[in-house]
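Okay, structure first, notes after.
The values are calculated or read from the model by the stated rules, or taken from the named source; none is laboratory data. For clarity, every value in this text was computed on a predicted model and none was experimentally measured. Counting neighbours? That spans all protein chains shown, and the Cβs are built from the backbone with ideal geometry, glycine included. Heavy atoms of the whole protein, side chains included, go into the accessibility calculation; ligands, DNA and RNA do not. Shrake-Rupley method; radii C 1.70, N 1.55, O 1.52, S 1.80 Å.
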Amino acid sequence: MFVPVAPVIAPIIAPATAIAISSAVGGTAFIARPLCLTSRLIGVGLLGVALLLSAPAFADQNIVAADSAQVDCQASAKDLTRISLVEDEFASVSKIASGNAAEDFAVVNEPVRGDIYLSVPDGFARPTLSFFGTSKRGYVYKFVCRIGGDQAAQIFVSNPAIAAENGAGQKASPQEAAVELMQAMYANGTPPGYEMRQRSLRAVQVGDLKVQMIAEYRGSDLTGKVLRIENKGAKPVDLNEATVAPGNTLAVSIAQARLAPGKVTTAYLISQNGRP
């Protein structure tokens, strides 16, 4: 899931992976405990995992997006891609037919849940596909999906405005709570029930990326982390949810999805406490 900045999700930092980055961050945190030998040993082990792992990790794409925002995602090259709106449904999809079968894609609107399914033909010639989706609640999203991978893909899009529509009297779901926490992290604020620790742990090199956790928001159910990511390589790197976030992540947002050499961006991760 993602927040009101056009978030992020797709391939492909080579050789950085979600597991590698999460191991690097976790290992840094353990090593930062100077008086605990066990924690330091665990930290060294996690950093070793971060350096050894290089296979890309693929997971469901959870994105938070505001009305009229661009949703960056990854669509399957060989199978179906499902896009679902959290607490909303698709009412219509607008796309241009290219007239060339090798450059066109299909969209099917499933009427029971209001999801849509994308598919591309064999030999699809374009690296991305794009279209507009309008929801039954009246929100419009611009989808830009990179093409890649053989397996079916799932994309879940949440809109923070829907949580406000539902009213504050109801207990927030984990997704709604993640949206609220993400908004607070963007604003450098601390929502009720969370403790914010602003600290700069030692940066870790993962492939061409230099990754450093600079802040942590910890509550009873959720934990948010703010990462500083710098591209130390000679080529641009595409950052996305699949490459930045570990498997227990509920929401991800990256300020700059394509990171040029020498440039720095900020990533926001929210995970559910106690979830494997």
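Report yes if ASP115 is charged (D, E, K, R) and open to solvent by less than 80 Å² (accessible area, probe 1.4 Å), otherwise no.
yes
For the range 74-99, name all the residues that are assigned to a loop (DSSP other than H, G, I, E, B) and either touching a residue at least 12 places away in the same chain (Cβ under 8 Å) or among the aliphatic types (A, V, I, L, M) (or both).
SER76, ALA77, LYS78, ASP79, LEU80, VAL86, GLU87, ASP88, GLU89, LYS95, ILE96, ALA97
Say we look at the range 100-124 and pick out the residues that are among the small types (Gly, Ala, Ser) and part of a strand (DSSP E or B); which of these is nearest to VAL140 (Cα to Cα)?
ALA106
Residues are listed down the side, and each one gets a yes or a no for (1) closer than 30 Å to ALA106 by Cα; (2) within 14 Å of the chain's Cα centre (by Cα); (3) in contact (Cβ under 8 Å) with a residue 60 or more places away in the chain:
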residue: VAL237; (1), (2), (3): yes, no, yes
residue: LEU250; (1), (2), (3): yes, yes, yes
residue: GLN256; (1), (2), (3): yes, yes, no
residue: LEU259; (1), (2), (3): no, no, no
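What strands (runs of 3 or more DSSP E), lying completely within the range 176-276, carry at least 1 residues that are closer than 29 Å to ALA161 by Cα and either open to solvent by 30 Å² or more (accessible area, probe 1.4 Å) or out of contact with any helix residue (DSSP H, G or I) (no Cβ under 6 Å at 6 or more places or on another chain) (or both)?
195-198, 209-218, 222-231, 249-254, 264-272
Conditions tested, residue by residue: (1) out of contact with any helix residue (DSSP H, G or I) (no Cβ under 8 Å at 6 or more places or on another chain); (2) free of Cβ contacts under 8 Å to residues at least 60 places away in the same chain; (3) closer than 29 Å to THR223 by Cβ.
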{"site": "PRO127", "(1), (2), (3)": "yes, yes, no"}
{"site": "PHE131", "(1), (2), (3)": "yes, yes, no"}
{"site": "ARG137", "(1), (2), (3)": "no, yes, no"}
{"site": "TYR141", "(1), (2), (3)": "yes, no, yes"}
{"site": "GLY148", "(1), (2), (3)": "yes, no, no"}
{"site": "ASN159", "(1), (2), (3)": "yes, no, yes"}
